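Chemist: Okay, handing you the structure first.
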Amino acid sequence: MHGQPRRPKKPEDGAAAAAKAAKLRDLQAQVLHNHHTSTYTEEALGLSFKLLEINPEAYTAWNYRKLALRHNLQELPDPEAIKSVVDAELRVVEAALRANPKSYGAWYHRKWLLNQRLTPVDSKREFGLLDKLLKVDARNFHGWNYRRFLAKFMGVPEEDELKYTMVKICDNFSNYSAWHNRSILLSNLLVQQSKGFESKQKIFKEEFDLVTQALFTDPSDQSGWFYHLWLLAQTSSPENPQLIASWPCNDAKLSLFPISKSDDLNMVSSSSSICCYSLKDGIVPIVLYFDEPVKGLNSSNVKLNSDLVIGKDIQWRPLSVTDSGHSNCWVTYLEISNKECTSPQQFSVEVGIPCSDDMVSRSGSPCSSPVHFTFTIELSNSNDKPQDIDLFHEPISWNCSESFRSDGNPSSVAFDQLNISNTVVQENSKWHLEGLSDQIDLFRELPDENSKFAKLTLARLLLACAAIKSRGNSLIERKGYCEEALGLFSDLINLDPSHKRYYEDERSLVIMDQLTCDMRTFMKYCSVQVKSNSAPLNHVQLCRLSLTCIGFTERMLWVQMLDLSHNSLRSVEGLEALQQLACLNISNNQITSFTSLEPLTKIVSLKALDLSFNQIGAHPIDTTRYICSSPFSHKGEPCEEAFEACRKKNIDVEEFWDAILFFKSVKLVQLDIKGNAVADKDDFRTVVTTLSASLKWLDGTCVH
């Protein structure tokens, strides 16, 4: 329990432990025998009680007692007899909790017993038990969890429970469980608009005052800091999820061949269309990006209207790496059946998202802001297409002077597609900003300059203010907030090296935010790359910035060529939103496995990938290989076919399973992987060529 130090073992403790183990083995054997033979006598139940008194975590014994109770109750029609049996069972649980107040099995058994509703529940007894337990260990989360269950079971008003948390917090500011319970209760009361909880502004101001008092009383305690973090999330998050970016964006014109046959192939066409390489395969991805994770998108609440011949039913799928069902980014793929035209034609596609209670955030808030946008798809006459337009007729070099040339002045063809939202600051953001500003001023005065919690909280407050400012036009103030936050994260890396990676990731997100927050700054890193006999590519170069992760990809949905080389990336999570991405350079980073590249398998347009000089295969024990499920849990036919194809060539699929899963899921034309340990392994090249039928260039060498 909290606050109770371990005592050193004595010589006689070993003998006592051996005797206890022998007794446990004997009791377990007898209880299992009675369980298997369905023996529910008083003597048999007494043995299970003795076992649970010594080892409350014996789950089979608890299940045995459940079966015994159900069996024996059939012979007890008298309510008093039933009450006597239930009371006896409750006493068994209490005895187990005296042995281990944090026994999952004991607490679950008590909940199960009350849920049977065999007799009226003695609330005084139940709450009295909790009071005794929480006096011994006020932060026992099992006890607090049971209290939430009991309060709901007995119909205790949440307002009363909120007052109880206040009592416990006043007793001890360090009571993390009380703070946590308070956050749950407040969330419910605010959602329900209970009496006295109609105004979020009033409630959150009072809560900030409360937790600030706790933090200034003991800045080294974690409990208040975590509650402050929860409050900050409630204050800075939008009331309802909103669409903040899309691809294609409103009024965009897409074409597979946006180059006039009569023009120089090195010049961008005067038309305002942009090349969509996936049109070659008859596919147009539509990406919707929300400001917070949502779920529930489907063809009934996202309306598509077009005179194109679109195959299959429209299905929206989340692009997040996890399978929680919530995602910031959703995508559907239009499969165009009539991509071959006898004459040039334009087809309009309308996307409408009405207010819907089915599309909800993790907090349960529905999408309440309707959205409508339209884009055009240009389909050319198949007889008039330019000849020999092939992006990969020779290897792509990331040295622009060799294969590509950058237009000196980026044309509006590409940069009209920059979808950076500048929504007017909402009214409810004003009180958010005022409250956050007050908190910033307060924490700047905190006396403990070396408190990592204070620095981290101040950084989060600054970034929350910066996020609100980004919805208006206060870019100068916003830049000041970001610069101060960057300094704090640098301090934290030195102050708290055990969490260095976390602070580096947070710092990287701030850098990405700064670079992409406004057009003038972002254009320094953007260009239109033009290659001979090919269409122009929207190119972004973010090299040598010490990035460890990627963020704000909603501002780059239009990018077709992305250079992230010479950073410190450990993950590519977030890039899955870039469904137009054709060429990606992540060479000279810190990628250690193919499973960390899983987001790339969701990009339908990806054709060229530079992974050279990373750390793939360099670590004999690499836990990042197991970010995704074991290959043996992949029962789908494509996986089985890929494994079988490799086995036929005598490839050890257990050694290369993560590479097999990756390369069977992408359709690369060019791959650079030199400088990785895995590239030097026998059979690796065979794995790549076996699974990548479309591959033309491998480390600069033609393979087909």
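Chemist: Restricted to segment 14-73, and to residues that are part of a helix (DSSP H, G or I) and among the β-branched types (Val, Ile, Thr), which residue is surrounded by the most Cβ atoms within 10 Å (Cβ to Cβ)?
Modeler: Filtering segment 14-73 down to residues part of a helix (DSSP H, G or I) leaves 14-36, 42-54, 59-73.
Adding the requirement that they be among the β-branched types (Val, Ile, Thr) leaves 31, 54, 60.
Numbers: Val31: 24, Ile54: 15, Thr60: 14.
Checked segment 14-73; the qualifying residue surrounded by the most Cβ atoms within 10 Å (Cβ to Cβ) is Val31.
Chemist: Also: Can you find a residue that is open to solvent by 10 Å² or more (accessible area, probe 1.4 Å), within 30 Å of Cys465 (Cα to Cα), touching a residue at least 40 places away in the same chain (Cβ under 8 Å) and out of contact with any Pro (no Cβ under 9 Å at 6 or more places or on another chain) anywhere in segment 587-607?
Modeler: Within segment 587-607, not a single residue is open to solvent by 10 Å² or more (accessible area, probe 1.4 Å), within 30 Å of Cys465 (Cα to Cα), touching a residue at least 40 places away in the same chain (Cβ under 8 Å) and out of contact with any Pro (no Cβ under 9 Å at 6 or more places or on another chain).
Chemist: Working carefully through the options Ser320, Ser300, Ser356, find the one that is at pLDDT below 80 and polar (S, T, N, Q).
Modeler: On the way: Ser300 fails: at pLDDT below 80; Ser356 fails: at pLDDT below 80.
So the residue among Ser320, Ser300, Ser356 that is at pLDDT below 80 and polar (S, T, N, Q) is Ser320.
Chemist: Quick one: is Trp112 touching a residue at least 40 places away in the same chain (Cβ under 8 Å) and open to solvent by less than 70 Å² (accessible area, probe 1.4 Å)?
Modeler: Values: touching a residue at least 40 places away in the same chain (Cβ under 8 Å): yes; open to solvent by less than 70 Å² (accessible area, probe 1.4 Å): yes.
Criteria met by Trp112.
Chemist: Scan the helices (runs of 4 or more DSSP H) fully inside segment 174-273 and keep the ones with 2 or more residues being under 29 Å from the mean Cα position of the chain (by Cα), among the hydroxyl-bearing types (Ser, Thr, Tyr) and at pLDDT 85 or above. It would help to see each step written out before you state the result.
Modeler: Working: elements: 176-192, 200-217, 222-236.
Of the helices (runs of 4 or more DSSP H) lying wholly inside segment 174-273, those with at least 2 residues that are under 29 Å from the mean Cα position of the chain (by Cα), among the hydroxyl-bearing types (Ser, Thr, Tyr) and at pLDDT 85 or above span 176-192, 222-236.
Chemist: Within segment 423-441, work out how many residues are surrounded by fewer than 16 Cβ atoms within 10 Å (Cβ to Cβ) and at pLDDT 75 or above.
Modeler: 4
Chemist: Which of the residues belonging to segment 529-539 are over 15 Å from Ser397 (Cβ atoms) and either at pLDDT below 85 or surrounded by fewer than 23 Cβ atoms within 10 Å (Cβ to Cβ) (or both)?
Modeler: Initial filter on segment 529-539 (over 15 Å from Ser397 (Cβ atoms)): 533, 535-536, 538.
Matches in segment 529-539: Asn533, Ala535, Pro536.
Chemist: Same structure again: I'd like the residue in segment 489-528 that is aromatic (Phe, Trp, Tyr) and over 19 Å from Leu564 (Cα atoms) and, out of all such residues, is most open to solvent (accessible area, probe 1.4 Å).
Modeler: Here is the first cut: in segment 489-528, the ones aromatic (Phe, Trp, Tyr) are 489, 502-503, 522, 525.
Retained after the next criterion (residues that are over 19 Å from Leu564 (Cα atoms)): 489, 502-503.
On the way: Phe489: 2, Tyr502: 89, Tyr503: 8 Å².
This residue is Tyr502.
Chemist: Continuing with the same structure: Filter segment 333-353 for residues that are modelled with pLDDT of 70 or more and open to solvent by less than 30 Å² (accessible area, probe 1.4 Å) and give the result.
Modeler: Leu334, Ile336, Phe347, Val349, Val351, Gly352, Ile353
Chemist: State whether the residues of segment 482-491 include one that is touching a helix residue (DSSP H, G or I) at 6+ places or on another chain (Cβ under 6 Å), farther than 22 Å from Ser397 by Cβ and of a type in the set (Gly, Ala, Ser).
Modeler: There is at least one residue in segment 482-491 that is touching a helix residue (DSSP H, G or I) at 6+ places or on another chain (Cβ under 6 Å), farther than 22 Å from Ser397 by Cβ and of a type in the set (Gly, Ala, Ser).
Chemist: Just one of Asp699, Asp658, Asp672, Asp682 is open to solvent by 50 Å² or more (accessible area, probe 1.4 Å), among the acidic types (Asp, Glu) and in contact (Cβ under 8 Å) with a residue 40 or more places away in the chain; which is it? Can you show your working first?
Modeler: On the way: Asp658 fails: open to solvent by 50 Å² or more (accessible area, probe 1.4 Å); Asp672 fails: open to solvent by 50 Å² or more (accessible area, probe 1.4 Å); Asp682 fails: in contact (Cβ under 8 Å) with a residue 40 or more places away in the chain.
On inspection, the qualifying residue turns out to be Asp699.
Chemist: Those residues that are part of a helix (DSSP H, G or I) and open to solvent by 60 Å² or more (accessible area, probe 1.4 Å), I need them from segment 160-173; list them, please. Please lay out each step first, then the result.
Modeler: First, pick out the residues of segment 160-173 that are part of a helix (DSSP H, G or I): 160-171.
Residues satisfying the conditions are Asp160, Lys163, Val167, Cys170, Asp171.
The values are calculated or read from the model by the stated rules, or taken from the named source; none is laboratory data. All values derive from a computational prediction rather than experimental measurement. Note: ideal-geometry Cβ built from the backbone for every residue, glycine included; neighbour counts use all protein chains shown. Heavy atoms of the whole protein, side chains included, go into the accessibility calculation; ligands, DNA and RNA do not. Shrake-Rupley method; radii C 1.70, N 1.55, O 1.52, S 1.80 Å.
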